[in-house]
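Below you'll find the structure, written out as C-alpha cells, and then a few comments.
The values are calculated or read from the model by the stated rules, or taken from the named source; none is laboratory data. Computed from a prediction, not measured in an experiment: that's the story for all the values here. When we count neighbours, we look across all protein chains shown, and the Cβ atoms used for this are built from the backbone with ideal geometry, even at glycine. Only protein heavy atoms, including side chains, enter the accessible area calculation; ligands, DNA and RNA are left aside. Shrake-Rupley method; radii C 1.70, N 1.55, O 1.52, S 1.80 Å.
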Amino acid sequence: MIVKTALAALIAPMIGIFAALAFQPSPEMMRQLFEEALMRRKHEYGASDARTAQAARDLGLFLRSQGNLSAARDALAEAVRIDEKALGPAALQTFADVAELAGVSAPEQAEPLWRRAAESPDAKTSARASAALGQLREAASDQAAAATFYRRALVREEAASGQDSARVAVRLNALSRVVDLPEGIAHLDRAVDISRRRLGARHPETATLELNLAALLLKAGRLNEAVQSGADAMSCFEESLGDDDPRTGAAATLLAHALRAKRDIRGAERMYRRALAIDEQAYGPREARTWTDARTLAGFLREIGKRREAAELERRMLGDAPH
Amino acid sequence: MKRVVALLWFPWWIAAVSPEDFAGAAACVDCHPLESAAQSASAHAHALARALTSQPGDWAFGAGAQAITFVKRLDSETYLEEGQTWYRILDGFARTPGHPDDAGVRDRIFDPSAAILRCFACHSTGPLHITGDQKIIPNELGVRCEACHGPSAAHVREPGRIHPRNPGRLRADELNVLCGECHRMPAAAGQSVNLRDPWNARHQPLMLAASICFRQSQGKLTCLTCHSPHAPLSRKPASYDGACVRCHAAPRHKLQTAGRSCVTCHMPAVTAQPYLTFANHRIAVYTAADPMSPIRPRR
C-alpha cells in the first residue's frame, strides 16, 4: 500500500511534466485523428473497400510528412493490399500507392516496388519511379543503368508535366550527374534556362542548378564560365538563404576550387575560409562536412606555403576527426 | 515495477492528453487576473470564433487585426476555405491570401497535409475532436493560456504541487520552435527556404532565426524580448526601440535617423499579400526599395 502511494506521488507530477511538454498543435493528436478515421472507415465500409484504402493512404502520407517512416510503411502497405483487392493490381491508384510505399521503404525493399510503379500507364507515377530507380543505380555506382532510368524519367516527366516544367529541370539535373561532361553541361544549361523562366533567376533552386553547372564547367576546364556561374549562384544563395546558409558554404567551396584552378590564390583562400566558417557555424566543429572543409583548407594552405597555419588548423579542427 | 518504469518513459503519455487534461482559460482568471485580462484582450484569444449569421461560412479564422477568413463545412469529407476574406484595411472583402481564384479552396479533412486540421489546431487550444458525422470540434476557441503553458487541469487541482510549462524559461531556439509550431518553424540546417519571398514575412520565427542579431545574441534575443506573451501586440514601432538599445546602445548610422524607430528600417513592413502587412523579422539593413533583401556587410 505504501509502495503504491509512493508510486502515485511520483507518477502524478510526472504526468504533469509530460503533459506540459506537449506542443500545440501536437503531431500525436493529429496522428490519433487520422488513426481514428481509418478505424471508422474499416467499421463502416469493411477492410477491403477503396474508401478504407483512402484512409490508410491518408494516414501513411501524414506519417511520412512527420518523418515517421516505419509507421508510414505499415499504413501504405495496408493501402496497397486494399487497392489490390478493391481496384485490382493494374489500377492507376494501385501503382501510385506502390510508389508511395517504395518512397518510405529501405533500398532493398524499395527497388522491386519502384520497378512495379515504373510500369504505371500514368506518366507522373512512372517518371517518379524511374527517377528513383536511377538514384538507386547511381548510389550503386552503376552510371550506365542510372542514365537509362534517368532518361526514361525525363521522357515520362516531359509527357506528364510538359517540356518546360520545373520538374523537367529536376530530371535534367539528375541525368547530368551520370552522363559525360558535354552532355551533362547541355542538360544543365537547359535546366537552368527552364528554372529561370519558371522560378526566377534569383530563386535558390535556380542557383542550385547553376552551382551544379559550375561544377561541370570546372571539370571541363572552362574556368571563366565556372567562376561566373559559381559567383552568380553564391550571390543568389546569400540573398535568398542567408550569408551563413550551408548552400552558400557549398557555393564558396566550389568557387574556391575554380579560383584555385585559375591561380587566383587570394580569392581561393578567402572562399575556402568562408566555407569552413559557414559549415562550422551551421553543423558544428565536430561534423564530417566541417572536417572536410578543414582538411581542404589545410591542404590548400600547405600548398601555398602556409605550413604552420595548416598544422595549427589541423590540430584545432581535426584532432579527433574520423579517418 | 518494471511496468511502471516503462510507463514513465513511454511517449504515449504525451499522446494521451485528452480534453479532460485542459482546464480552459476561465479557470486561470482567479489566480492570474492580470495575465488573464491582458490575454483575453489579445488577438490570440480571438483567433477563432463561430461565424456570425451575417458572415459567410461556419467559422471565422483570425481576430480581425488584419483579416478574417471564413471556413464552411461542406460535407462529411470536406471543408471550404472561403475565397473571399474580410480585410481591415479595406473594411471589406477581397480574395483570400494564397487562393488562385474567388471560388475558395476545398480541403479534405484527412488530406495528408492536415491543412484544415492544422488551421483549427493553431487557432484553438487543446485537442480537436471529430464527431461521428465528421465535424471538427475545437476544445476551446482561440489561442488561450494552455496553448503555450500546456494542459493545466492538474495544476488547477493541485496548484502548489503541479506546475504548468513556463515558456519564459525556454532557450531562445526552443521558444522559437514553440512559436514556430503555428507561426512556422525556423529552417533546419541545409533546408532551402527563400527568405526573399515576401510571403515569408508572415513567418516570424523562420525569419528571426535567420537574423544575425538572433544568431549572435547567444540566446538573449527571443520572441519574448520584444513581445509580451499575454498583452495585445503593440503596433507602435517606437515601443520596440527599448529592446534594440539593450544591445545597440549607440548605433552608428550613415543616414539621418532622427525620429525614426529601429524597426522602421531594420524590420521593414512588407506587403506579404495584397492588404496584409507584416514586419520582416530578419533583422538587418535594408533599402527602401527592397524590404526583403538585406544589404550584405563587406567581408
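Largest first and in whole Å, give the semi-axes of segment A:139-198's equivalent ellipsoid, each being the square root of 5 times a Cα gyration tensor eigenvalue.
19, 14, 8
GNM on chain B, C-alpha springs below 10 Å: top fluctuator among B:PHE93, B:PHE70, B:PHE120?
Greatest mean-square fluctuation among the candidates belongs to B:PHE93.
Let me check I have the definition right: for chain B, take the eigenvalues of the Cα gyration tensor, multiply each by 5, take square roots. What are those semi-axes in whole Å, largest first? Don't jump to the answer; show the numbers that get you there.
Details: eigenvalues 226, 148, 74 Å².
Semi-axes from the Cα gyration tensor: 34, 27, 19 Å.
Put simply, what bits of segment B:202-247 lose 10 Å² or more of accessible area when the other protein chains are there, versus the chain on its own (1.4 Å probe)?
B:ILE212, B:ARG215
What percentages, rounded to whole numbers, describe P(r) for segment B:8-138 computed over all alpha carbon pairs with 10 Å bin width beginning at zero?
Taking all Cα pairs of segment B:8-138, the binned fractions are 11, 35, 32, 18, 4, 0 percent.
Within the accessible area of segment B:163-299, what % is carbon and sulfur when the probe is 1.4 Å and the other protein chains stay in place?
Answer for segment B:163-299: carbon and sulfur cover 56 percent of the accessible area.
Can you divide the C-alpha Rg of segment B:86-166 by 2.2 N^0.38 Å and report the result to two decimal places? Walk me through the numbers on the way to the answer.
On the way: Rg = 17.5 Å, N = 81, 2.2 N^0.38 = 11.7 Å.
Taking N as the residue count of segment B:86-166, the ratio is 1.49.
So what's chain A giving for Rg/Rh, alpha carbon basis, Kirkwood Rh from the mean inverse pair distance?
Dividing the radius of gyration by the Kirkwood radius yields 1.09.
Dipole of the protein assembly as shown, Cα-centred, from +1 at each Lys and Arg C-beta and -1 at each Asp and Glu C-beta, to the nearest 20 debye?
Values: 78 positive and 69 negative charges, 397 e Å.
Charge dipole, the protein assembly as shown, about its Cα centre: 1900 debye, nearest 20.
What's the FRET efficiency of A:ARG81 with A:ALA144 using the Cβ-Cβ distance as r and R₀ = 41 Å, to the nearest 0.05?
The value I calculate is 0.70.
What do you get for Rg/Rh over segment B:68-226 if you use C-alpha atoms and the Kirkwood form of Rh?
On the Cα set of segment B:68-226, Rg over Rh gives 1.01.
Using square roots of five times the C-alpha gyration tensor eigenvalues, list the equivalent-ellipsoid semi-axes of segment A:155-271 in whole Å, biggest first.
Whole-Å semi-axes of the equivalent ellipsoid: 26, 17, 9.
Taking the inverse of the average 1/r across all pairs of different Cα atoms in segment B:223-299, what Kirkwood radius in Å do you get?
With all distinct Cα pairs of segment B:223-299 included, I get 13.8 Å.
Give or take rounding to whole Å, what are the principal axis extents of the alpha carbon atoms in segment A:263-314, in descending order?
On the principal axes, segment A:263-314 reaches 29, 21, 12 Å in Cα extent.
When the accessible area of chain A is split by element with a 1.4 Å probe, what percent falls to carbon and sulfur?
55 percent
Across all directions of projection, what mean area in square nanometres is found for the Cα convex hull of segment A:100-199?
Numbers: hull surface 24.4 nm².
Dividing the Cα hull surface by four gives the mean projection, 6.1 nm².
Mind listing the phi-derived Karplus ³J(HN,Hα) values for segment A:48-63, rounded to whole Hz, using 6.51, -1.76 and 1.60 with θ = phi - 60°, and x for any glycine or proline?
10, 10, 4, 5, 6, 4, 4, 5, 5, 5, 4, 4, x, 6, 5, 4
If each DSSP helix of 4+ residues adds -39,500 (n - 2.57) and the sum is divided by the residues in chain A, what number results at 222 nm, nearest 500 deg cm²/dmol? Provide the component values of the computation, followed by the final result.
Details: 16 runs with 259 residues, N = 323.
So the calculated ellipticity at 222 nm is -26500 deg cm²/dmol.
In square nanometres, what is the average projected area of the Cα convex hull of segment B:206-268?
Numbers: hull surface 19.8 nm².
One quarter of the hull surface, i.e. the mean projection, equals 5.0 nm².
Given a Förster distance of 45 angstrom, what is the FRET efficiency for A:ALA220 paired with B:ASP91, based on the Cβ-Cβ distance and rounded to 0.05? Each step should come with its number before you reach the end.
On the way: r = 61 Å, r/R0 = 1.35.
The computed FRET efficiency comes out at 0.15.
What lysines sit close enough to A:LYS262 to cross-link, taking a C-alpha to C-alpha distance under 16 Å and skipping anything fewer than 8 places away on the same chain?
By straight Cα distance, A:LYS262 reaches A:LYS219.
Once B and A are treated as a pair rather than alone, how much accessible area drops out, both sides summed, in Å² to 100, probe 1.4 Å?
4400 Å²
If R0 is 25 Å, what FRET efficiency do you get for B:LEU52 and B:ASP133 from their C-beta distance, rounded to 0.05?
On the way: r = 24 Å, r/R0 = 0.94.
Here the calculated transfer efficiency is 0.60.
Leaving out ligands and nucleic acids, note down the accessible area per residue over segment A:106-199 with a 1.4 angstrom probe, in whole Å². If you can, show how the numbers build up before the last one.
Numbers: 4500 Å² over 94 residues.
Per-residue accessible area for segment A:106-199 comes out at 48 Å².
To one decimal place, what orientation-averaged projected area in nm² is obtained for the convex hull of the Cα set of segment B:153-299?
That works out to 11.7 nm².
Could you work out Rg/(2.2 N^0.38 Å) for the protein assembly as shown, with Rg from alpha carbons only? Before the final figure, lay out the partial values.
Details: Rg = 27.4 Å, N = 622, 2.2 N^0.38 = 25.4 Å.
With N residues counted in the protein assembly as shown, Rg over 2.2 N^0.38 Å equals 1.08.
Just to confirm a number: summing +1 for Lys and Arg and -1 for Asp and Glu over residues other than B:GLY126 whose beta-carbon lies under 12 angstrom from that of B:GLY126, what do you get? Present the calculation step by step, with values, prior to reporting the outcome.
On the way: positive: B:ARG144; negative: B:GLU20, B:ASP21, B:GLU140, B:GLU146.
Taking every Cβ under 12 Å from that of B:GLY126, the sum is -3.
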